[in-house]
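The structure under discussion appears below in the form of structure tokens.
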Amino acid sequence: MYKYLLTAIIVAIFAGCSAPKPERAPSWYTTVPKDFNYFYAKGSDVNADRAKKKAIAALRENLHAELNSSFKNKTTKLSISSNQNIDAILMANERLINTLSMRSVKLDKTAIFKGNTLVLIKLSRKEVFNIIDRTLTKHLNASKKKFDLYSDDIAIKRFVVVSKLMKDYPKYASKIQAKNVALASYDTYDEFNYLNDLRDSYLKLKKDITIYVLSDVNSRIFTSSIKYAIRNTGLTLGSKAKSKDSLKLLITSKTTSSQNYSFNQSKSLIKFTTYDVNKKQVSFKQHTFIGKSRKNYKEAKQQSSLHVKSKISKVGIFNFLGLED
């Protein structure tokens with residue numbers, strides 16, 4: 001009896017050893033590693049090159065999601081108000097991650113699993129930090145210098161400068177936070193403090209400055225383009241001054257009509273004079289516009305007004321009015 005029992009146990013042991021073990025993907029693939037030195041991502045495909053490309057795509061996607069999360073969940077040190085639209089920053093995040101160089105990506109591990117090549121890639125966090133920092137520091141320092149240079153100027157001149165600097169605000173915010181994503185130990189306080197000051201200054205100036213646009217009868221046809229362009233800057237039009245920084249814009253013009261071969265020609269010399277609330281002249285600029293029409297002089301003058309709109313679009317409203325240095 002004992003002999004038969006021993007034989008059965010031995011048979012069971014050998015049977016167990018010969019049974020095929022279930023195939024499993026490696027642990028580094030099922031659970032992607034995380035550490036303070038590298039970003040990791042995985043990919044899988046029957047073709048090894050395509051597997052690596054998929055891993056790089058996954059790496060970009062992971063970085064993008066982490067960067068967006070910082071702003072959406074307000075874990076960033078950038079001051080984000082409850083009503084602030086961060087869409088421009090999210091778009092800057094997408095551009096940054098999609099153009100981020102992946103030349104330093106290294107193939108960390110590979111394995112064959114069920115006919116597919118599994119890959120694990122890694123990218124140095126320090127390298128990502130350096131890539132972003134090289135493209136940021138120079139431009140951010142130039143922005144700070146310009147902001148400080150005009151800090152004591154009159155409000156409208158400051159607004160002209162600040163509104164231009166604000167165009168790069170989303171890009172700077174994205175890159176500063178991306179450096180923190182790469183190296184969590186990096187202190188973003190100084191850089192974000194500048195962006196917070198820049199945005200606060202922009203919002204205050206936009207709130208304080210109103211522009212009252214006045215024109216003589218001859219110039220009324222030109223005022224719609226001027227008003228439209230001013231509104232597009234974020235400033236408010238109105239006859240009531242919000243503060244001591246509000247302005248009055250006076251538009252006057254002289255138009256002469258003449259025949260130019262078979263065309264009716266309208267030539268307008270338009271003067272733009274800006275005053276502060278104390279009636280002190282802030283700026284002066286004049287332009288000459290010529291319009292032609294085979295029909296009549298009225299249509300020729302309308303053509304002149306279209307040239308006004310085109311000029312504003314080309315040089316910007318502040319340059320057009322003489323408010324930009």
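Would you say residue 92 is of a type in the set (A, V, I, L, M, F, W, C), under 24 Å from residue 167 (Cα atoms), under 16 Å from the mean Cα position of the chain (by Cα) and surrounded by fewer than 17 Cβ atoms within 10 Å (Cβ to Cβ)? No: the conditions fail for residue 92.
If you go through the stretch 239-287 and keep only what is surrounded by fewer than 18 Cβ atoms within 10 Å (Cβ to Cβ) and basic (Lys, Arg), you end up with 240, 242, 244, 254, 271, 279, 280, 285. When 267, 271, 279, 292 are checked against the criterion of being in a strand (DSSP E or B), under 22 Å from residue 239 (Cα atoms) and outside the structural domain of residue 157 (by TED's automatic domain parsing), 271 stands alone in meeting it.
Quickly run through the stretch 52-77 and pick out the residues that are hydroxyl-bearing (Ser, Thr, Tyr) and either part of a loop (DSSP other than H, G, I, E, B) or touching a Phe, Trp or Tyr at 6+ places or on another chain (Cβ under 8 Å) (or both). Residues satisfying the conditions are 75, 76.
Every residue, every condition in (1) in the same structural domain as residue 110 (by TED's automatic domain parsing); (2) touching a residue at least 40 places away in the same chain (Cβ under 8 Å); (3) closer than 21 Å to residue 183 by Cα, yes or no:
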site: 29; (1), (2), (3): yes, yes, no
site: 37; (1), (2), (3): yes, yes, yes
site: 41; (1), (2), (3): yes, yes, yes
site: 62; (1), (2), (3): yes, no, yes
site: 72; (1), (2), (3): yes, no, yes
site: 75; (1), (2), (3): yes, no, yes
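Criterion applied to 178, 184, 155 was being over 30 Å from residue 283 (Cβ atoms), surrounded by 15 or more Cβ atoms within 10 Å (Cβ to Cβ) and not assigned by TED's automatic domain parsing to the domain that holds residue 279, and the one residue passing it is 178. Scanning the stretch 290-303 for residues that are free of Cβ contacts under 8 Å to residues at least 40 places away in the same chain and not charged (D, E, K, R) turns up 290, 291, 293, 296, 303. The residues in the stretch 210-228 that are out of contact with any Lys or Arg (no Cβ under 7 Å at 6 or more places or on another chain) and not in a helix (DSSP H, G or I) can be counted, and the count is 3. For the stretch 44-51, indicate whether the set of residues that are over 30 Å from residue 197 (Cα atoms), assigned to a helix (DSSP H, G or I), more than 22 Å from the chain's Cα centre (by Cα) and at pLDDT below 95 is non-empty. No, the stretch 44-51 contains no residue that is over 30 Å from residue 197 (Cα atoms), assigned to a helix (DSSP H, G or I), more than 22 Å from the chain's Cα centre (by Cα) and at pLDDT below 95.
The values are calculated or read from the model by the stated rules, or taken from the named source; none is laboratory data. Just so you know, these numbers come straight off a predicted model, no measurement behind them. Every residue, glycine as well, gets a Cβ built from its backbone with ideal geometry; the counts of neighbours run over all protein chains shown.
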